[in-house]
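Please treat every number below as a calculation from the coordinates, not as lab data. The structure presented is a predicted model; accordingly, all values stated were derived computationally and were not measured. Cβ sites come from the backbone with ideal geometry, for glycine too, and all protein chains shown count toward neighbours.
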Amino acid sequence: MKKVVVTGAKGGTGLSIVRVLREAGYYVLGVDLKPCGFWEQDYRQLNLEDGAGVYDVLAGADAVVHFGSLPNDTWTPWETTYRNLSLGGYHILQAAANLRIPRVVLASSPMIYGEYRRASYLPIDEEAPACPDGIYGAVKQNLETLAQHYVRWNGMAIAALRPQRIVYEGSYEWRFRKFTVNDAVAANSIWSYVDARDVATACLAWLQSDRTGFEVFNVAADDVCVTTPTRNLLANYYPQVSDLRGELANRVGLVSCEKLKQMLGWRPVYTWQKMAAESEKLGFSNSPPT
């Protein structure tokens with residue numbers, strides 16, 4: 001059984017990644033800042049700014065999925081954000097290289113693209129120019145560049161995922177419903193989103209593939225998160241973007257995942273309508289977890 005270390009294992013996305021990988025037959029060691037429950041055997045509490053600790057927990061791993069970082073740069077000073085993202089990411093890459101861990105998944109970010117209103121074309125694909133508006137996107141861009149060098153230096157296989165607004169399992173009511181009922185609310189994110197379970201299967205697809213080198217992948221649902229047709233949304237909110245690529249029929253999404261689909265055979269499964277039905281059936285809370 002192959003061992004995979006998942007950082008950010010107790011975060012909203014990490015929980016889904018851990019479950020999906022275990023269901024696929026991997027032995028998963030979870031790592032997070034959150035305390036370890038006395039019953040937990042396959043988990044380590046660790047600050048990824050501790051390079052020696054990172055080396056220790058990665059020992060014996062066959063792969064690493066790194067989702068253990070702050071989710072944005074709005075809740076902490078930029079100094080804190082920079083240290084968290086850059087040192088944590090560097091320690092993961094350096095330990096993986098030293099331990100000869102061949103496959104790595106990094107959580108990157110669509111914040112690398114910057115404000116979508118400046119987009120020269122839509123849908124956005126991985127070739128769109130990087131123009132981050134803050135330290136978060138800038139550091140994620142730097143980590144992608146660093147990962148390319150680690151591949152060149154060490155022959156590793158590294159995928160950087162750029163997931164859109166992630167909807168955690170069970171979070172639809174408090175985290176996402178508001179974006180589905182008013183076209184204006186999600187306009188700044190071009191109405192894009194992705195279920196955490198689909199992010200998890202993207203991680204799995206890279207781990208199971210035989211692709212080598214470094215690759216960047218967008219990760220998003222196939223549709224927009226409102227009922228308004230895509231071309232109507234663009235006419236109302238993005239009239240300045242004249243280069244519209246593809247038919248954009250009905251409610252097709254504006255973040256292209258064709259590269260991920262073609263290279264790894266990945267497909268998103270969870271639409272926001274499916275999440276809404278799941279929420280109604282299971283009675284999800286409209287309050288975030290404490």
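Taking the longest Cα principal axis of the chain as reference, the axis of helix 12-23 is set at about 60 degrees.
Across T13, T228, T271, mean-square fluctuation computed from a Gaussian network of the chain (C-alpha pairs under 10 Å connected) peaks at T228. Of the trypsin sites (Lys or Arg not before Pro) found in region 143-222, no site is in coil according to DSSP while having at most 10 other Cβ atoms within 10 Å of its Cβ. For the chain, the longest principal axis of the alpha carbon atoms and the long axis of helix 272-282 meet at an angle near 70°. Axis of helix 196-208 versus longest Cα principal axis of the chain: the two differ by about 50°, to the nearest ten degrees. Among R251, R231, the ranking by other beta carbons within 10 Å of each residue's beta carbon, starting with the fewest, stands as R231, R251. Once Rg and the Kirkwood radius are both taken over the C-alpha atoms of the chain, their ratio Rg/Rh works out to 0.96. Working from Cα pairs under 8 Å separated by at least six residues, relative contact order for region 35-108 is 41 percent.
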